[in-house]
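Worksheet: the structure to be examined is printed underneath.
The values are calculated or read from the model by the stated rules, or taken from the named source; none is laboratory data. Computed from a prediction, not measured in an experiment: that's the story for all the values here. Here the Cβ is made from the backbone with ideal geometry for all residues, glycine too, and neighbour counts use every protein chain on show. The area values use the complete protein model at the heavy-atom level, side chains included, leaving out ligands, DNA and RNA. Shrake-Rupley method; radii C 1.70, N 1.55, O 1.52, S 1.80 Å.
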Amino acid sequence: MNLPPKVTSRAFERLAEIGAGTQGKALRVAVEGGGCSGFQYDIALDEPKDDDLILEGSGQKVVVDSVSLPFLANAVIDFSEELIGARFVIENPNATSACGCGTSFSM
């Protein structure tokens with residue numbers, strides 16, 4: 001059974017810190033063809049659309065379009081802060097391999 005992606009409280013907290021919800025924006029997580037491993041993530045602030053799956057928490061929204069949803073089944077959307085930088089990250093159990101930077105994957 002394919003479950004929708006989950007969003008960590010840390011990711012929702014980061015969206016609140018940058019004021020995404022107060023600007024009417026949501027974090028859009030999409031999957032596109034390309035990247036060094038076959039598919040790549042496209043993560044951006046955007047307005048929700050009618051056919052999006054909307055995941056809500058802490059007054060914030062994360063949206064996934066219907067085409068990307070099967071590629072993100074059971075995935076975890078998180079926010080990571082490390083010495084090299086801070087970014088939203090996807091832990092995707094559907095990916096069979098990923099590139100070193102973590103923005104592209106294959107299935």
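With θ set to phi - 60°, apply the Karplus curve 6.51 cos²θ - 1.76 cosθ + 1.60 along region 6-15 and write out the HN-Hα couplings as whole Hz, x wherever there is a Gly or Pro.
My calculation for region 6-15 gives 10, 10, 6, 4, 5, 5, 4, 4, 5, 4 Hz in order.
Hey, with R₀ at 41 Å, roughly what FRET efficiency would D51 and I84 work out to, going by the Cβ-Cβ distance, to 0.05?
Efficiency, from the Cβ-Cβ distance: 0.70.
Once the other residues with Cβ under 14 Å from the Cβ of S68 are scored (Lys, Arg +1; Asp, Glu -1), what is the net sum?
Overall, the nearby charge balance is -4.
About the Cα centre, and with charges only on the beta carbon of Lys, Arg (+1) and Asp, Glu (-1), how big is the dipole of the chain? Nearest 20 debye, please.
The dipole of the chain has a size of about 140 debye.
Given q = 0.24 Å⁻¹, what are the Debye log10 I(q)/I(0) values for the chain, with equal point scatterers placed on the Cα positions and solvent ignored?
Log10 of I(q)/I(0), two decimals: -1.42.
Residue-wise, which Karplus ³J(HN,Hα) couplings in Hz belong to region 87-93, taking 6.51 cos²θ - 1.76 cosθ + 1.60, θ = phi - 60°, and x for glycine or proline?
Result, ordered by residue: 6, 7, 10, 10, 9, 10, x Hz.
Suppose accessible area is computed on protein heavy atoms with a 1.4 Å probe; arrange K6, K25 from highest to lowest.
Output order, biggest surface exposure first: K6, K25.
Leaving out ligands, DNA and RNA, what percent of the accessible area of the chain is carbon and sulfur, probe 1.4 Å?
Exposed carbon and sulfur together represent 52 percent of the surface.
Mind checking which of G24, N94, P70 is farthest towards the positive end of the chain's charge dipole, using Cβ charges of +1 (Lys, Arg) and -1 (Asp, Glu) about the Cα centre?
Farthest towards the positive pole: N94.
Just to confirm, what accessible area per residue do you get for the chain at 1.4 Å probe, in whole Å²?
In whole numbers, the chain has 57 Å² accessible per residue.
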